[in-house]
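Q: Shown below is the structure under consideration.
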Amino acid sequence: MTTTPPPSTPAPSGRPATYDLVVVGAGPAGATCARAAALAGLRVLLLDKARFPRAKPCAGALSCQALHQLDLPLPENLVEREFTGGRLWYKDRCIEAHKPYRAGVLVRRERFDAWLVEQAAAAGAEVRLGQAVRSVADNNGRVLARTAGDTLSGRFLVVAEGASGRLKTAVRPPDRPRDYTFCVCADIESPEAMGDVPMDIRFGIARAGYGWVFSRRGEVSIGIGEQGDRLTNPVALMHALLAANGFPATTRLVGHKIPMGGVPRRVAAGRILLAGDAAGFADAILGEGIAYALASGRLAGERLAAHLAGSDPEPPAAAYTAACQSSLGEELRQTLYLARCLRLAPDRLLAVILSDHEALSRYIDILAGKLSYKAFNRWMLRRLPLFLWRAIVGGGGGPRRRAGGVAPCTPTRRE
Ligand SMILES: Cc1cc2nc3c(=O)[nH]c(=O)nc-3n(C[C@H](O)[C@H](O)[C@H](O)COP(=O)(O)OP(=O)(O)OC[C@H]3O[C@@H](n4cnc5c(N)ncnc54)[C@H](O)[C@@H]3O)c2cc1C
């Protein structure tokens, strides 16, 4: 990280300096929140336990839906690769669909997240890296964040600590294993990484869960994910996926959680707001969370700024909860409905989806920001009689070539 803003000025008489807003966690949610609040004129402190650039387990797919949430254009040098569609496998069957337009880009999270923090600092937020917050408290009209050597005080606090931290318990109970997807993954340096398709998604690996192989420049992101209480022996599953793609079993693996969006959770209480993964905002199908982290971070920063400027008399916890419900809630619930259907009958549903290029083509439009999950689910419901018919007569045949930029893939495997 090149940006090193000055440390905060201590208040007279040894009392801690007071900020309008203290943000804990400088991932996409925290950095975006800090930027939005600082741009609106608030005195903001952004803290992270890591020093940036820092690694983050992530496949690095930034959909157009996510790109639309940025208030600045993404610098081209952060784009590892563009994608217009992808390849979907279910056991030994596969289909592929591409659009004539961009559906998103692949990035390296360490570089993307460091850029977001630089934008927060450029907007005027004070950034302190390498400082873990151990506890937070909402007391007597102010919030306190305690680190190993300091107590930081603010009028409001946003917890954007990601999926795994425990500070969020100041607002809600921790997630149960059935409330998140557990992933095991690896980033592997590979000179051949620019494979023919950037996004390759494998269903049928872990019950209703999935695997992915995303090819960036010189690097492959590979992993598996499944609902936390259903995943048995994830390391063995991951070794099988590695072997099927010619990677050694000695590859270093990391495990991480993604919250299942749509599970009802409290996202704010008193002077503390949760954003991003800490609030549980991620797509329950493929775990897309960056778009929701950017959106919720911005909403938190903007709602707090409006309140402190006197233009919104509603308590920020209520205003933020309502804003999240109206702009993110419905979509997240729709991802959860679809994920539940997948879990009820994964074999049947995936077999018929793989016999219908139109379904994949429409799904890509969700990533491209052209279709909502709600519209997609409605379309799927209307298509249900056809799907049922295909299931009864045996899956409706294999992948077929269709017009409109959609082409079948050859189901080949690297041994
Ligand atoms: C394996 C995997 C693959 C994924 N792939 C994709 C993908 O391709 N596309 C997509 O859109 N989403 C993907 N996601 C989801 C995405 O990574 C998250 O939704 C997103 O990172 C959430 O952003 P955030 O800012 O809420 O949290 P994070 O990005 O997790 O940031 C949290 C920050 O808080 C800091 N922190 C934590 N605790 C403390 C503390 N006590 N004190 C100070 N700092 C603290 C951490 O160091 C970290 O920098 C994936 C997730 C996983 C696990």
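No value in this document is a laboratory result; all are computed from the given coordinates. None of the values given here were measured: they were computed from a predicted structure. Quick reminder, even Gly has a Cβ in these numbers, built from the backbone with ideal geometry, and neighbours come from all protein chains shown.
Q: Compute the signed sum of charges (Lys and Arg +1, Asp and Glu -1) over the other residues within less than 13 Å, Cβ to Cβ, of Met199.
A: On the way: positive: Arg81, Arg87, Lys99, Arg102, Arg202, Arg216; negative: Glu80, Glu82, Glu96, Asp196, Asp200, Glu288.
Residues near Met199 contribute 0 overall.
Q: Less than 21 Å apart at the alpha-carbon level, and either on another chain or at least 8 residues along: which lysines does that give for Lys370?
A: Within reach: Lys99.
Q: Pull up the cross-link candidates among the aspartates and glutamates for Lys374, meaning alpha carbon to alpha carbon under 12 Å and not fewer than 8 places away within one chain.
A: Correct list for Lys374: Glu330, Glu331.
Q: In the chain, what % of DSSP beta bridges are antiparallel (nearest 5)? Kindly include the intermediate steps, with their values, before the conclusion.
A: Numbers: 50 of 71 bridges.
Among the beta bridges of the chain, antiparallel pairing accounts for roughly 70 percent.
Q: Same structure, new question: Which value in Å is the Kirkwood Rh of the range 195-288 over different Cα pairs? Display every interim value, and only then the final one.
A: Numbers: mean 1/r = 0.0665 Å⁻¹.
When all Cα pairs of the range 195-288 are included, the Kirkwood radius is 15.0 Å.
Q: Go from 0 up to the bin containing the longest alpha carbon distance in the chain, width 10 Å each, and give me the % of pairs per bin.
A: 5, 22, 31, 24, 12, 5, 1, 0
Q: A further question on this structure: Within the range 289-333, report the trypsin sites (Lys or Arg not before Pro) that DSSP leaves as loop and that have at most 16 other Cβ atoms within 10 Å.
A: Here no loop site has a sparse enough neighbourhood.
Q: Testing the spin-label approximation: label points 7 Å from Cα along Cα→Cβ at Arg348 and Arg252. State their distance in nm.
A: 4.5 nm
Q: Below 12 angstrom from the Cβ of Leu342, what's the summed charge of the other residues (Lys, Arg +1; Asp, Glu -1)?
A: Numbers: positive: Arg207, Arg230, Arg340, Arg343, Arg348; negative: Glu226, Asp347.
Residues close to Leu342 contribute a combined charge of +3.
Q: Restricting the count to DSSP beta bridges whose residues both fall in the range 69-205, what percent are antiparallel, rounded to a multiple of 5?
A: 80 percent
Q: Pick out, in residue order, every one of the trypsin sites (Lys or Arg not before Pro) in the range 16-71 that is DSSP loop and has at most 12 other C-beta atoms within 10 Å; say none if there are none.
A: Working: sites: Arg35, Arg43, Lys49, Arg51, Arg54; in loops: Arg43, Lys49, Arg51, Arg54.
Those satisfying the criteria are Arg51.
Q: Note down the relative contact order for the chain as a percent, whole number, built from C-alpha pairs under 8 angstrom at least six residues apart.
A: 21 percent
Q: Anything in the chain that counts as a DSSP H helix reaching 20 Å or more along its axis (C-alpha) with Kyte-Doolittle mean of at least -1.0? List them, would you? Provide the component values of the computation, followed by the final result.
A: Working: long enough: 290-308 (27 Å, 0.63); 330-344 (21 Å, -0.18).
Correct list, ordered by number: 290-308, 330-344.
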